[in-house]
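Asks: Quick one: structure below, then a few questions.
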Amino acid sequence: MAAALALSSCSSEVKNTNDAPGSITPASSASSAAGEGATPQTSSSATSTSSDEGNSKTKPFGSTFTWDDGVAITISKPQPCQPSPYAASDTKFKKFVIADVTLKNGSKEPYNAMTLTTTATSGDKQSDGVFDTEKGIDLPTADILPGKTLTWKQAYGVDATGDLVIAVENGFGNAKGYYK
């Protein structure tokens, strides 16, 4: 499920480098607006160059994507979970997983966590995510100061195979990375 919608006038692609394995490192910067009341973020374009991943923008869970503005995200390996009876969940799935999402603001400006978006698929279906405040599964809305980190939980429904792909994007229209 999308963690938030943000508007941006720039776009970028992913670059993985051997200097920072698993990072999104766009080559140049341009300003973009992240929405009302949000601090401007940067974006740029580049291509994937990691020798172990070829031209893929896909990484294993537990890896870190870092954009050229210094914002970095890590999604832990998903673990099985059972939503509470009061959870808002996607009814097309019977199995669920939960993962820790850690966002580090390595930029020079405050970063609103709602700027980061995630979407997921399992098998041939979109997984809209789970909201379960009883179990601490909710979307973050906080500003993260430069050099600070915020961690939260996200949960998704998965098909019988447990297959899950999560796309991450640093603001709408910017570089995307994929966890699987």
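Asks: Kindly list, by first and then second residue, each pair from a residue in the range 112-130 that is farther than 19 Å from Asp100 by Cβ and polar (S, T, N, Q) to a residue that is modelled with pLDDT of 90 or more and assigned to a strand (DSSP E or B), limited to pairs with Cβ atoms under 6 Å and residues at least 6 apart or on different chains.
Replies: From residues that are farther than 19 Å from Asp100 by Cβ and polar (S, T, N, Q), the pairs are Asn112/Asp143; Thr121/Val165.
Asks: Still on this structure, please answer the following. Need at least 3 residues that are under 23 Å from Asn174 (Cβ atoms) and either of a type in the set (A, V, I, L, M) or in contact with a strand residue (DSSP E or B) (Cβ under 9 Å, 6 or more places away or on another chain) (or both) per element, so show me which strands (runs of 3 or more DSSP E) inside the range 66-163 make the cut, counting only ones lying wholly within it.
Replies: Ranges flagged: 71-75, 95-105, 116-122, 149-158.
Asks: When you scan the range 155-163, do you find a residue that is of a type in the set (Ser, Thr, Tyr), crowded, with 17+ Cβ neighbours inside 10 Å and closer than 23 Å to Ala87 by Cα, even just one?
Replies: Yes, the range 155-163 has at least one match.
Asks: When only residues in the range 75-92 that are modelled with pLDDT under 90 and closer than 18 Å to Thr161 by Cβ count, which is surrounded by the most Cβ atoms within 10 Å (Cβ to Cβ)?
Replies: Filtering first and then ranking leaves Asp90.
Asks: Regarding the range 101-114, can at least one residue be identified that is at pLDDT 90 or above and under 16 Å from Leu164 (Cα atoms)?
Replies: yes
Asks: Does Thr149 qualify as being without any contact (Cβ under 8 Å) to a residue 40 or more places away in the chain and of a type in the set (Val, Ile, Thr)? It would help to see each step written out before you state the result.
Replies: Values: without any contact (Cβ under 8 Å) to a residue 40 or more places away in the chain: no; of a type in the set (Val, Ile, Thr): yes.
Against the criterion (without any contact (Cβ under 8 Å) to a residue 40 or more places away in the chain and of a type in the set (Val, Ile, Thr)), Thr149 does not qualify.
The values are calculated or read from the model by the stated rules, or taken from the named source; none is laboratory data. From a predicted model like this one, the values you see are computed outputs, not experimental measurements. Every residue, glycine among them, receives a Cβ derived from its backbone with ideal geometry; neighbour counts consider all protein chains shown.
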